[in-house]
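Trainee: Just dropping this structure here.
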Amino acid sequence: MDEFFTVDAVEEAVSAIKAQTALEPRVGLILGSGLSPLAEAVNDAVRIRFADIPHFPVSTVKGHQGRLVIGLLEGVPVVVMQGRAHYYEGYSMARIALTIRTMALLGAQVLIVTNAAGGLNHTYRTGEVMVVRDHINLIGMAGLSPLRGPNLEAFGPRFPGMNDAYDPQLQEAARAIALEARIPFQQGVYICLAGPNFETPADVRFLRAIGADAVGMSTVPEVITARHSGLRVLGLSGITNTLAGEAGGPTPDHEEVLEAAKILGPRLETIIRGILRQL
Ligand code: HPA
């Protein structure tokens, strides 16, 4: 069933959050599968369960906590989504958009999004960080857009552009930090599928052929909403597994993804902290 949220609904979520903290976050952070420990490091933090914020989705996936954490990281006021909502859990794209719009109304001007992703590019290795250069909105091409429905002019235009969806300056800064810290990194194109199943070998060959370097089940709807609202975006994919694309190749599983995320967590944290120090 279609559902759309009004500006009033976003304002209800914002009011519930503002009742708990006077801090005005400048940066929004979304932490993907197994990458949530960074949220524990936020100073002077107010933690609000998604369940206690009107209209917020309650995340159900293992490795996702489902809390909004507002506080200071590297001295910068941040709002962190510790765990995110995925379309495959049954949430509408509109509800995913509502979480981003809430961060925008709270004051965030930059969104840093992390995710766990499977490496499609043959040169990619598990444990590498991919700085997202661009994305392919495959689920959007199939009709699933967070911006579908009446346009909320208060946030952005009906037909937002998606050139430079991933801020070139933030990409360059992330690259420099990774180099300096000797974190193995790549720069590439992320593609979003609905999931929750992993890809068939034929899927993998297709995704590679159309120009994707890494595949996951999130991020793109959030980035589109953030860009619609005028936020600058940095996307970081933790490569948790590689995809062979040959019949008989290894099948990824969620435990493997969470295992690799343990190595990736500190690497992503280093990059995120470095970016925050520069803002
Ligand atoms: N495919 C899709 N999503 C993922 C993968 C994958 O191999 N790894 C982590 N998220």
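Trainee: For region 81-106: of the residues being modelled with pLDDT of 95 or more and of a type in the set (Val, Ile, Thr), which is nearest to Glu24 (Cα to Cα)?
Mentor: The qualifying residue nearest to Glu24 (Cα to Cα) is Thr102.
Trainee: Find the residue count for region 95-105, including only residues that are among the hydrophobic types (A, V, I, L, M, F, W, C) and in contact with a Leu (Cβ under 9 Å, 6 or more places away or on another chain).
Mentor: Count: 4.
Trainee: Among the residues that make up region 209-228, is at least one of them out of contact with any Gly (no Cβ under 6 Å at 6 or more places or on another chain), at pLDDT below 95 and of a type outside the set (Gly, Ala, Ser)?
Mentor: No, because not a single residue in region 209-228 is out of contact with any Gly (no Cβ under 6 Å at 6 or more places or on another chain), at pLDDT below 95 and of a type outside the set (Gly, Ala, Ser).
Trainee: Which residue is nearest to the ligand (Cβ to nearest atom), if the candidates are limited to region 207-221 and must be in a helix (DSSP H, G or I) and hydrophobic (A, V, I, L, M, F, W, C)?
Mentor: So, considering only residues that are in a helix (DSSP H, G or I) and hydrophobic (A, V, I, L, M, F, W, C), the one nearest to the ligand (Cβ to nearest atom) is Leu207.
Trainee: Name every residue in region 7-45 that is buried (at least 22 other Cβ atoms within 10 Å of the Cβ) and touching a Pro at 6+ places or on another chain (Cβ under 9 Å), in order of residue number.
Mentor: Result: Ala13, Pro25, Val27, Leu31.
Trainee: For region 92-120, enumerate the residues that are of a type in the set (S, T, N, Q) and part of a strand (DSSP E or B).
Mentor: Residues satisfying the conditions are Thr114, Asn115.
Trainee: Additional query: Do you know which residues across region 227-246 are touching an Asp or Glu at 6+ places or on another chain (Cβ under 7 Å), among the hydrophobic types (A, V, I, L, M, F, W, C) and within 16 Å of the ligand (Cβ to nearest atom)?
Mentor: Correct list: Ile239, Leu243.
Trainee: Condition test on Ile224, is it more than 14 Å from the ligand (Cβ to nearest atom), crowded, with 20+ Cβ neighbours inside 10 Å and over 21 Å from Tyr91 (Cβ atoms)?
Mentor: So Ile224 fails the test.
Trainee: Kindly indicate the residue of region 192-206 that is aliphatic (A, V, I, L, M) and more than 9 Å from the ligand (Cβ to nearest atom) and also surrounded by the most Cβ atoms within 10 Å (Cβ to Cβ) among those meeting that condition.
Mentor: Applying the filter and picking the extreme gives Ala194.
Trainee: Right, here's the next one. Exposed (fewer than 14 other Cβ atoms within 10 Å of the Cβ), away from the ligand (no atom under 16 Å from the Cβ) and at pLDDT 95 or above: which single residue out of Gln187, Gln169, Gln109 fits that description?
Mentor: Matching residue, one of Gln187, Gln169, Gln109: Gln169.
Trainee: Taking the stated definitions as given, is Val110 touching a Lys or Arg at 6+ places or on another chain (Cβ under 6 Å) and in contact (Cβ under 8 Å) with a residue 24 or more places away in the chain?
Mentor: yes
The values are calculated or read from the model by the stated rules, or taken from the named source; none is laboratory data. Predicted model only: the values in this text are computed from it and were never measured. Counting neighbours? That spans all protein chains shown, and the Cβs are built from the backbone with ideal geometry, glycine included.
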